[in-house]
Every structure is written in structure tokens, then in C-alpha cells.
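Working notes, structure below.
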Amino acid sequence: MVGSKTKSGAEPYDGNAATLSGADLSERESRWNYALVGSGLGVWDHNLRLGKRYYSDTWKIMRGMAPDEEADGDYDAWIELIHPDDRDFVVKAIERQNAGDPGYQIFEYRERHRNGHWIWIECRGACVEWDEDGAPARLVGTDTDITERKEAAERLAHVSRRLDLALDISDIGVFEADIENGTVDWDDRLLAIYGMTDTSPANTSSTWEASLHPDDRDRVLATLEESVATNTDFQHEFRIIRQDGIERVIRAKAAFFVDSDGRRKLIGANWDVTAEVRLNNELQRAKDLAEARNKELESAKENIEHLALHDYLTGLPNRRYLDRKLDECSAECRRTGLSLAILHIDLDRFKQINDTLGHRAGDAMLKHAAQVLRGSVRSTDFVARIGGDEFVVLCTLDVTPRKISNLAERIIRELCKPIRYEGHDCRFGGSIGIATDSGPALDAKQLLLNADIALYRAKSGGRNRHEFFSTDERRRIIASKRLADEILLGLERGEFIPFYQLQFDAQTLDVAGVETLARWQHREHGLLAPDRFLTIAEDLDAVSTIDGLILDQALVDRARWEKEGLFIPKIAVNVSARRLGDPNLAKKLRSLKIEPGSISFELLESISLDDCDDAVIGNLRQLRRLGIDIEIDDFGTGHASIVSLLKLSPKTLKIDRELIRMLPHSAEQRKLVRSIIDIGRSLNILVTAEGVETMDHVRILGDLGCDMLQGYALARPMPALQIPPFVRAASWRSAEGRSLQHDLRKSGAR
């Protein structure tokens, strides 16, 4: 459908109709109409001079219109029905067709069907009349629905693409030979297989023959000649010498056919099967060798089974063999009523030998340990190495705990004897966990787990010793595991919160600071102090995370107190040894924008201050630059020396509560505390006393010259919201406190 359109209704115009009779004209028109309907061509006729448009029934039907429906013929409305991707082209084609351009007498485009889908139209048209000015006066043409042809072509193209992809994936080269003309066409894949550059069809045959391996050439050519003579399919396998000199094995298949021109041709495929042939040859040689050694097969199978079940280094059974033996022994014990004892052995100090003398020395120690275990058990007992420096002994029969204990002590005693290796005396030992059970409910896998639990207890108890499994220990481990999971969950939920214990000037009892204490607001058990979770948190390496959360919240609380008009001179927070060694600690603290002098970090004296590594020393230096003070907590119970105090130069020492507790009752204790205070004063270090439980403590520490006090006698730990009302109420300033303050001033204490 082309050209601008108006209302339809004109009949096709035939210039020769004037010379025909009415009957002839009717017959002729009938024949043409039948022919057009049968051909599926939709006729359109635009008489621009008369302003008449005609569209045949077929033209309407292919677009989803009824035959008696009047076509609108509006050009702009019709253009909107054209597929957007084809619209510009169709407009141009119509313009060129109206101009009489023969290159646009036939063109294809997509048009929207009445039902909404797209149909492909092949439009054939031409200008048959022009007016006096040379402008088109009449355009006539046909439209054909070629949707099925297009879909068939697309399916064929899809199949072709899949075939090409399959050939690419399988690396198959294709050729077509013209038998009569003696020419052969190769595709690029086949050229690549033969290592050839592009060659002409005329000389490809000779090039192929020249590439055949000399030992295979006559055989291959004879087979090919026979196939050509008998018109039978060609199928062969042969060697070639590529142009780069590499020898390959080719498998070829081909079949004869006659093309549309009646010419006899051969089409086929080649693919490189060198790797397959090599593999088949190797498999054949392996098969021949296996058949030749049939008598040795059983021995080989036994050897393979032994290797699969034994440790290559010590020759002992491995973990796989142990699992099998556990099932056998437990079944026997359930059946006979005997006891099953499992000894789980782990070598002590083995890693140090491995690290200092090398893996060869470690291997020698493992072999020695295996010999010790073999020599220490009965012939009916089972010894296995289950990995690294771990071994397991299984004992059945009617054994008593005393006998098992004696066996464990004998093994440890033998393992502790020094071993001479390349001029070195190597010393190591062993820790042993023992679990025993009997009866119809015996579970070997649980028993092995129990022995592992007992081993953990033996190693944590000092090494070179043995421990029997106990249900209490198992319950403790299960409880620890549950607590560890709850700690991680509590960190996710934000359940760790700060509590604050106020610190007071020892002379005036004014608020001098506050220590931040971690508490866990557990959903089931309520508020928990660190003694309930700190040990497990350290095992999880979660203490640093808790310290960071507490510091963040403490900064938020301090800012809120200041908004309420409450000024706390200093907030002390705890810092763990691991966090102090964090290389990113300074960067994290800088991001908090801490006001210099407002925060101090408390270091436990149990941290070895004399052996600080470079990371710790660097972080301490960064803390001073950020204006964060250092305090030594629990002074008097750890490792701090005078030298380390001089090196660290802390702002404050906190005397441990154990040294404070007996002050009212012990003159010696008061002398010791005074000495610590004097040391602090001589080094220009403030001294804080912890554990101030009574007003006697307050009075004595003031007399001794202590700087700050912290304890239940003055204030208990409390949440952030209780700090402002508590400070404003000043309840610690009781009548007794005022009397105490008066006495202190009168005595002239500092």
C-alpha cells in the first residue's frame, strides 16, 4: 500500500478495455480476479487524477479487514500502522516509487494487523500514468503477505546459526567437492585443522593429498577412489602432516548427493581426533598391561585399599579406617557387653619443633610417636593417626579406668623422653583425653567427641597429662558454646550497654570523673556483669568490638549530660590488649573527633607493659597525640614495673581493690598503699583507689594523700539516665561525709 490515500471505491482501470466487447471484458476481468485471489495478491490502485482508491478483498483480508469493509485510505493513519523500525524506510520507498525509481518497485516492511500482531508485506508497485507536469497520476501495485516466508527464513537462519555454533564447539571442519569439476571448497574451520591459509577450490584437492601422511596416503586415496566409483559414503581415519610440520590424526566422513543442477557432489566433515586416538592407544596399552598382570591384580587392589586406609608417613590407620573400626568395635561392645575406651592424643610442643627445625624434624617426631603408641598398647588395641599431630587409641575388652589411666601415663612418659635428631635433643610430650562407655546405647561417634572434650580439658589444665571425660565438662562446653552464640547475637542486637561509676576527689568529694563499665542487657537473664561473659568474649575476639561500642555510647551520653548542664571532667573506658594492638585503632578514634582531655583509656596491669610490641607502642603514641590519657588499672596485681611506668608515663594509676579492702584493719596494707601513692606523686601520676566500700576507706585514703576515690561507699555503677539526678542530689555528701570532709581539711591532708 503506497502513496497518499483517500476514500476507496474506484474499480481497477484498464487502458485496453475500450477495444473489448462487454462479454470479453467481463470474462477477462473474471479470469484476472480468480488469478489474483488464487495467488494471494492484494491489489491496490490509486488514481490520483480522479482521486479514487481501490483495494481488493485480498488486500483487506490480509490486514484483518472484512471484504465489504471500506478502507479508510488515510495516509497518515496508515503510516502509524507501520513498524517503528521500518517507518522511515517506507516513507522513503514511497517517495522513490512515486518518482519512478525502479530500485523501489519492490520493498518489504512490517505492518500492524487488525488483531494487533505484525505481518510482513511485500509491496510491488509502479507509477503507470503521469500528468502534463510529469507528476504521478496513477499508481498500481500489489501487496503480498510474506509473514510465513519470513518466519520460515528466520527459522532456517536460526537452525543455521545453531549448526555453525555446534560446528564451532565441536571444532568440525566442512568441505564440499564437485566430482565432475574436480574442485573442493573448505570452510575456515577445516583450513585451521590442516594448518592452511586460504586456498582456491581448484587446487585444494592436490593440497589435501600432499598433506596426507606418506604411510597413509595410498590407503586413503584408494578408499576415496572406491567410494567415488561405487557412490558409497566415505568414512576413514588417517594421519596428516600440517604445513607447520605437526602430525595430527583426522577422522573424515562424507556422503554423495546430486545438486539442483544435476551435478554430482561430495559433502563431508573432518575433525581432529589426535587426543582421542592417543587416549585410546594409552587405554589399550593399559588394558594390555592389566591383562598381562592379571595375577598381580588382587595384590594391587589390596595395596590400594591399604593406602586408602593408612597414613603414608607413619603407616598407622587413618581417619577413614578409624571410622570403620569405631563402627565395628561399638557393635562388638554392644553385643558382648564389653567396654570401649577411646584415648585422643595430641602432641605438646610439636609445632615448636616443626617451626624451629623444619618439617623433616616434625615428620621424624611423628614417626617416633607412632612407634611409642604401637609399643605401649596391646596387640588387640587399635592405633590411628587422624591428622596433624593427633592420634587415637581404641581399647576393647573388660578394661577398668585404672588400667586405662596407667596406659595413658605410660604413653605420656615415653613421649616425654628426648629424641636425638641431627645433633639436636628434641623434647615434646602429649596430652590425652579419655572417654569410656558400654551397654546397648553405646554411641561410638559421641564417645569420640567426648574424648575430644576431655583432651581440651587436659591441654587447658597444663599439658602432658590425661583427663577422663565428665558430663559436667560437656555441659560446661555446651553452655560456653551457647553463650558464645548469644554474645554474637547480642552484638547484632545492640544489647551491650555502658554503666557508669562516678569517681570523686579524695579531699573535696567533688565529682572528678566517671568510669565506663560494660554490661549486657540479656533478653532472658537480665543485666549481666563482665564476669558472666568476658572470658567467652575474649575467646571469640569480641572484646575489642564491645570496647568500641561502649566508647561510642559513652561519647553520646557525655554529650547529652552537657546539654543538660552536667559537666563530667573525664570519662575512663577500658581497652583490651587486642584492641590496643589494632593497627587501625588511631584511624577509628580520629573519626570519633574526641575532645582532648575528655577521655582516658584504662589498661589492665596484667597486660605486659614491658614487652609491648611496635603496634602497641605506636598506638599509645597516637593516643597521646589525640589527647586521650592513659590509666593503669588494677595496679599492684600485674606486671607493671617502675621502668615500664616511666616508659608509658600514664596520667593515672588505679590501686587494685584487693590492696584497698584491708586498709582499716592492716597497718602493713596502709604502708603499701602509701608507698604506691608516693611513687605516683614522685612520677607526677595521679592515684585512684578502687573498692572504696566504707567511709573508713574514704577517711584513710584521704589521710594517705590519694587523689581520687571510686567505690560503693560513694556511688554504685548506674545507667546513663541516672547520672544527672544522682549528681544533683549529692546523696554521698551525708552528714557523716561532711564531718569527714571537715576532718580532712583540719588534718591538712592533700
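The values are calculated or read from the model by the stated rules, or taken from the named source; none is laboratory data. Not measured: the values here are computed from a predicted model. When we count neighbours, we look across all protein chains shown, and the Cβ atoms used for this are built from the backbone with ideal geometry, even at glycine. To get the accessible areas, we keep the full protein, side chains included, count just its heavy atoms, and leave off ligands, DNA and RNA. Shrake-Rupley method; radii C 1.70, N 1.55, O 1.52, S 1.80 Å.
For the criterion of being under 18 Å from GLY627 (Cα atoms) and in a helix (DSSP H, G or I), ALA572 fails. In region 207-224 there is no residue that is open to solvent by less than 70 Å² (accessible area, probe 1.4 Å), under 30 Å from LEU41 (Cβ atoms), at pLDDT 85 or above and among the polar types (S, T, N, Q).
Taking region 424-499 as the region of interest, the strands (runs of 3 or more DSSP E) fully inside it that hold 1 or more residues being in contact (Cβ under 8 Å) with a residue 24 or more places away in the chain and out of contact with any strand residue (DSSP E or B) (no Cβ under 9 Å at 6 or more places or on another chain) are 424-426. Looking only at region 449-457, decide whether some residue is farther than 18 Å from ARG402 by Cα, of a type in the set (Asp, Glu) and either more than 35 Å from the chain's Cα centre (by Cα) or open to solvent by 80 Å² or more (accessible area, probe 1.4 Å) (or both). Checked region 449-457: no residue is farther than 18 Å from ARG402 by Cα, of a type in the set (Asp, Glu) and either more than 35 Å from the chain's Cα centre (by Cα) or open to solvent by 80 Å² or more (accessible area, probe 1.4 Å) (or both).
Scanning region 575-596 for residues that are assigned to a helix (DSSP H, G or I), open to solvent by 50 Å² or more (accessible area, probe 1.4 Å) and either on the phi > 0 side of the Ramachandran plot or in contact (Cβ under 8 Å) with a residue 24 or more places away in the chain (or both) returns ALA577, ARG578, LYS588, ARG590, LEU592. Among the residues of region 427-434, is there at least one that is open to solvent by less than 20 Å² (accessible area, probe 1.4 Å), closer than 19 Å to LYS325 by Cα and at pLDDT below 90? There is no residue in region 427-434 that is open to solvent by less than 20 Å² (accessible area, probe 1.4 Å), closer than 19 Å to LYS325 by Cα and at pLDDT below 90.
Of all residues in region 270-292, those that are among the acidic types (Asp, Glu) have Cβ atoms under 7 Å from Cβ atoms of residues that are part of a helix (DSSP H, G or I), 6 or more apart or on another chain, in ASP272/ILE193. Mind checking which residues of region 397-406 are over 47 Å from the mean Cα position of the chain (by Cα) and surrounded by 14 or more Cβ atoms within 10 Å (Cβ to Cβ)? LEU397, VAL399 - these are the residues of region 397-406 that are over 47 Å from the mean Cα position of the chain (by Cα) and surrounded by 14 or more Cβ atoms within 10 Å (Cβ to Cβ).
Any idea which residue in region 719-734 is farthest from ALA529 (Cα to Cα), counting only those that are of a type in the set (Gly, Ala, Ser) and open to solvent by 30 Å² or more (accessible area, probe 1.4 Å)? Applying the filter and picking the extreme gives SER734. Output the residues belonging to region 170-190 that are touching a residue at least 40 places away in the same chain (Cβ under 8 Å), open to solvent by less than 40 Å² (accessible area, probe 1.4 Å) and within 22 Å of ALA229 (Cα to Cα). Matches in region 170-190: PHE175, ALA177, ASP178. Restricting ARG319, ARG293, ARG285 to residues that are over 30 Å from TRP208 (Cα atoms), touching a strand residue (DSSP E or B) at 6+ places or on another chain (Cβ under 8 Å) and open to solvent by 50 Å² or more (accessible area, probe 1.4 Å) narrows the list to ARG319. Considering region 593-608, and only residues there that are within 15 Å of LEU653 (Cα to Cα) and among the charged types (D, E, K, R), the residue that is modelled with the lowest pLDDT turns out to be GLU605. Within region 499-514, being open to solvent by 10 Å² or more (accessible area, probe 1.4 Å) and under 42 Å from the mean Cα position of the chain (by Cα) holds for one residue alone: PHE499. Taking into account only those residues within region 365-396 that are open to solvent by less than 30 Å² (accessible area, probe 1.4 Å) and in a helix (DSSP H, G or I), which is farthest from ARG324 (Cα to Cα)? Selected residue: MET365.
Residue check: ALA484 meets all listed conditions (1) within 30 Å of ILE345 (Cα to Cα); (2) open to solvent by 40 Å² or more (accessible area, probe 1.4 Å) but one, namely (2). The residue that is surrounded by the fewest Cβ atoms within 10 Å (Cβ to Cβ), counting only those in region 71-104 that are assigned to a loop (DSSP other than H, G, I, E, B) and at pLDDT below 85, is ALA99.
Of ILE304, ILE250, all but one fail to be among the β-branched types (Val, Ile, Thr) and out of contact with any Asp or Glu (no Cβ under 9 Å at 6 or more places or on another chain); the exception is ILE304. Every condition in (1) farther than 20 Å from ILE628 by Cα; (2) touching a residue at least 24 places away in the same chain (Cβ under 8 Å) is met by ASP510 except one, and the failing one is (2). LYS563 - would you say it is within 35 Å of the chain's Cα centre (by Cα), free of Cβ contacts under 8 Å to residues at least 24 places away in the same chain and open to solvent by 20 Å² or more (accessible area, probe 1.4 Å)? Considered against the rule, which asks whether it is within 35 Å of the chain's Cα centre (by Cα), free of Cβ contacts under 8 Å to residues at least 24 places away in the same chain and open to solvent by 20 Å² or more (accessible area, probe 1.4 Å), LYS563 comes out as no.
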